[in-house]
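The values are calculated or read from the model by the stated rules, or taken from the named source; none is laboratory data. Since the structure is predicted, the reported quantities are computational estimates derived from the model, not experimental observations. Counting neighbours? That spans all protein chains shown, and the Cβs are built from the backbone with ideal geometry, glycine included. Note: areas computed on protein heavy atoms with side chains; ligands, DNA, RNA excluded. Shrake-Rupley method; radii C 1.70, N 1.55, O 1.52, S 1.80 Å.
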Amino acid sequence: QVQLVESGGGLVQAGGSLRLSCVASGSIFGIYRLGWYRQAPGKQRELVAVVFNGGRTNYADSVKGRFSISRDNAENTVILQMNSLKPEDTAVYFCNAAWRSADYWGQGTQVTVSS
């Protein structure tokens, strides 16, 4: 079992920045990928950014050049730095841990970008 606790969401104006954090606990040694997904009202959950154990990252095209994902293995934390935010980035952001053959999710944190 893996537990994920997110923090850092909130309300920001377009062009602003937010930093999301997610701390993993429990059976963390089986985690091979950490990342962030988001779900806007009426839409499916989509990948934002992920980072693998070796450091390789993947980003959604819509956030490339604006968002940056990083991982602190010592603190079992994954960070999503979001810059140049747009109203279309408004969503609930979920932390995700890929653990062996299972996926674990955090409770979600709301990000709202006003125009």
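Here is the figure for segment 27-57: residues that are surrounded by fewer than 13 Cβ atoms within 10 Å (Cβ to Cβ) and over 15 Å from Cys95 (Cα atoms) total 9. Phe29 meets all of the listed conditions (1) in contact (Cβ under 8 Å) with a residue 60 or more places away in the chain; (2) under 18 Å from Asp72 (Cα atoms); (3) among the hydrophobic types (A, V, I, L, M, F, W, C) but one, namely (1).
Set side by side, the residues Val113, Val5, Val78 differ, and just one is out of contact with any Leu (no Cβ under 7 Å at 6 or more places or on another chain) and among the β-branched types (Val, Ile, Thr), which is Val5. In this structure, Tyr32 does not satisfy being at pLDDT 95 or above and aromatic (Phe, Trp, Tyr). Residues in segment 77-89 that are under 14 Å from Arg19 (Cα atoms), in a loop (DSSP other than H, G, I, E, B) and open to solvent by 40 Å² or more (accessible area, probe 1.4 Å): 2 in all. Of the residues making up segment 58-75, those that are closer than 17 Å to Cys22 by Cβ and open to solvent by 50 Å² or more (accessible area, probe 1.4 Å) are Asn58, Tyr59, Ser68, Ser70, Arg71, Asp72, Asn73, Ala74, Glu75. State which residue is surrounded by the most Cβ atoms within 10 Å (Cβ to Cβ) when the search covers only segment 8-26 and only residues that are modelled with pLDDT of 95 or more and polar (S, T, N, Q). Per the criteria, the residue is Ser21.
Taking the options Tyr37, Tyr59, Tyr93, Tyr104, name whichever one is of a type in the set (Ser, Thr, Tyr), farther than 15 Å from Leu4 by Cβ and modelled with pLDDT of 95 or more.
Numbers: Tyr37 fails: farther than 15 Å from Leu4 by Cβ; Tyr93 fails: farther than 15 Å from Leu4 by Cβ; Tyr104 fails: farther than 15 Å from Leu4 by Cβ.
Sole residue among the options that is of a type in the set (Ser, Thr, Tyr), farther than 15 Å from Leu4 by Cβ and modelled with pLDDT of 95 or more: Tyr59.
Among residues of segment 66-91 that are of a type in the set (D, E, K, R), those with a Cβ under 7 angstrom from a residue that is in a loop (DSSP other than H, G, I, E, B), sequence gap 6+ or separate chain, pair up as Arg66/Asn83; Arg66/Ser84; Lys86/Ala14.
No other residue among Val78, Val51 is of a type outside the set (D, E, K, R) and closer than 15 Å to Ser7 by Cα apart from Val78.
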